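Asker: Structure in structure tokens, see below.
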Amino acid sequence: MEVSVSGMNVLPESCVAVILSLTSPSDACKSSSVSTVFGSAADSDLVWDKFLPSDYHEIVSKACNTTFLFASKKQLYHLLCNPVLIADGKMSFKLDRPSGRKSYILSARQLSIRSSNDPMSWTWKSIPESRFSDVAELISSSRLEINGNIKSKKLSPNTKYGAYLLFKITERAYGLDLIPSETSIEIGNQTFKNTAYLRCQDDKKHRLENLFYSNRKQMMKSRVVKGDDRVMSRREDGWMEMELGEFFNGESDEEVKMSLMEIKGHQLKGGVIVEGIEIRPKA
């Protein structure tokens, strides 16, 4: 049976609000133009309280250098759709505007990076294009190993997520794509692995390294797990990203472990700036 808009208008606003709270943020916004009753209901706290994450009080209380001024839950929701620094500035949080699902970026300081405290291997520095106070730059090392983890209960339940390494390649980069890295996502008793190369952006340098080290490159690639090589892509914010893997987050409380590491060989390399790892919902 079809119900006309005029018929829906006879419902109390509170009933319309309950109905809208069972939809999505994008649907609630679209419905506001249907009628005056829908518009009022779509702005109500009853609706937007359902769309806010259950731990939004904790997120707001841990926000760094941010004062949240809002007159309604809808305003707060839209404020949280912009990146917010939390955990003493070592993590970034935001909501996906259409769905309300949560995403995080773990800063380089929040990650475990092999030899990151050795000034001969890594240096910590501040750069204006980073959202965090400092990033880690690889100076010189024969082995690259980056690990991160997050509790699944921090993420939105029943949601498919992807994890992405955020980085830049400097002009002085060398030796990055001679040894394949193994990417890994582990949650509960499930582990998903693949291979990846951090390619130098200088095409001439890339061709020369392929010319001199092609046999070594093929030999090392044969030692790691088989799969589709992960590729780098440029983001709108100017950083590069590489997918480490994807996973489905259910409703249990488990630790999600993410990594990129060279486990089958060693090659001197340098010229990577690591900003962090992003965990965001996938379509």
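The values are calculated or read from the model by the stated rules, or taken from the named source; none is laboratory data. Given the structure is predicted, the values throughout are model-derived calculations rather than measurements. Because the Cβ atoms are built from the backbone with ideal geometry, glycine has one as well, and the counts that use them run over all protein chains shown. Surface accessibility is based on the protein's heavy atoms, side chains included, excluding ligands, DNA and RNA. Shrake-Rupley method; radii C 1.70, N 1.55, O 1.52, S 1.80 Å.
Asker: For segment 95-113, give me each residue that is closer than 23 Å to Lys168 by Cβ and crowded, with 16+ Cβ neighbours inside 10 Å.
Answerer: Those that are closer than 23 Å to Lys168 by Cβ and crowded, with 16+ Cβ neighbours inside 10 Å: Ser103, Tyr104, Ile105, Leu106, Ser107, Ala108, Arg109, Gln110, Leu111, Ile113.
Asker: Before we move on, is Ser26 modelled with pLDDT of 90 or more, in contact with a Lys or Arg (Cβ under 9 Å, 6 or more places away or on another chain), at negative phi and open to solvent by less than 70 Å² (accessible area, probe 1.4 Å)?
Answerer: yes
Asker: Test Phe167 against the stated conditions and say whether it is modelled with pLDDT of 80 or more, open to solvent by 50 Å² or more (accessible area, probe 1.4 Å) and within 27 Å of Cys81 (Cβ to Cβ).
Answerer: Numbers: modelled with pLDDT of 80 or more: yes; open to solvent by 50 Å² or more (accessible area, probe 1.4 Å): no; within 27 Å of Cys81 (Cβ to Cβ): yes.
No: the conditions fail for Phe167.
Asker: Which pairs turn up if I take residues in segment 242-253 that are on the phi > 0 side of the Ramachandran plot and touching a residue at least 40 places away in the same chain (Cβ under 8 Å) and look for partners that are of a type outside the set (Lys, Arg) and open to solvent by less than 70 Å² (accessible area, probe 1.4 Å) with beta carbon separation below 8 Å, at least 6 apart in sequence or on another chain?
Answerer: That search, which allows pairs on different chains as well, returns Gly245/Gly162; Gly245/Ala163; Gly245/Thr183; Gly245/Ser184; Gly245/Ile185; Gly245/Asn194; Gly245/Met258.
Residue-wise test of (1) farther than 25 Å from Leu268 by Cβ; (2) in the same structural domain as Gly162 (by the TED database); (3) over 21 Å from the mean Cα position of the chain (by Cα).
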| position | (1), (2), (3) |
| --- | --- |
| Val60 | yes, no, no |
| Asn65 | yes, no, yes |
| Lys74 | yes, no, yes |
| Tyr77 | yes, no, no |
| Asn117 | no, yes, yes |
| Phe132 | yes, yes, no |
| Leu144 | no, yes, no |
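Asker: Has segment 197-204 got at least one residue that is in a helix (DSSP H, G or I) and either at pLDDT 90 or above or open to solvent by 20 Å² or more (accessible area, probe 1.4 Å) (or both)?
Answerer: The answer is yes, given that some residue of segment 197-204 is in a helix (DSSP H, G or I) and either at pLDDT 90 or above or open to solvent by 20 Å² or more (accessible area, probe 1.4 Å) (or both).
Asker: Here's something else I'd like to know. Among the residues of segment 63-78, write down those that are out of contact with any Phe, Trp or Tyr (no Cβ under 6 Å at 6 or more places or on another chain) and within 14 Å of Lys102 (Cα to Cα).
Answerer: Hit for segment 63-78 is His78, nothing else.
Asker: Same structure, new question: For segment 41-54, give me the residue count where each residue is open to solvent by less than 50 Å² (accessible area, probe 1.4 Å) and either touching a residue at least 40 places away in the same chain (Cβ under 8 Å) or more than 17 Å from Lys102 (Cα to Cα) (or both).
Answerer: The qualifying residues number 7.
Asker: Any residue in segment 170-183 that is surrounded by fewer than 18 Cβ atoms within 10 Å (Cβ to Cβ), assigned to a strand (DSSP E or B) and modelled with pLDDT of 90 or more?
Answerer: Yes, segment 170-183 contains a residue that is surrounded by fewer than 18 Cβ atoms within 10 Å (Cβ to Cβ), assigned to a strand (DSSP E or B) and modelled with pLDDT of 90 or more.
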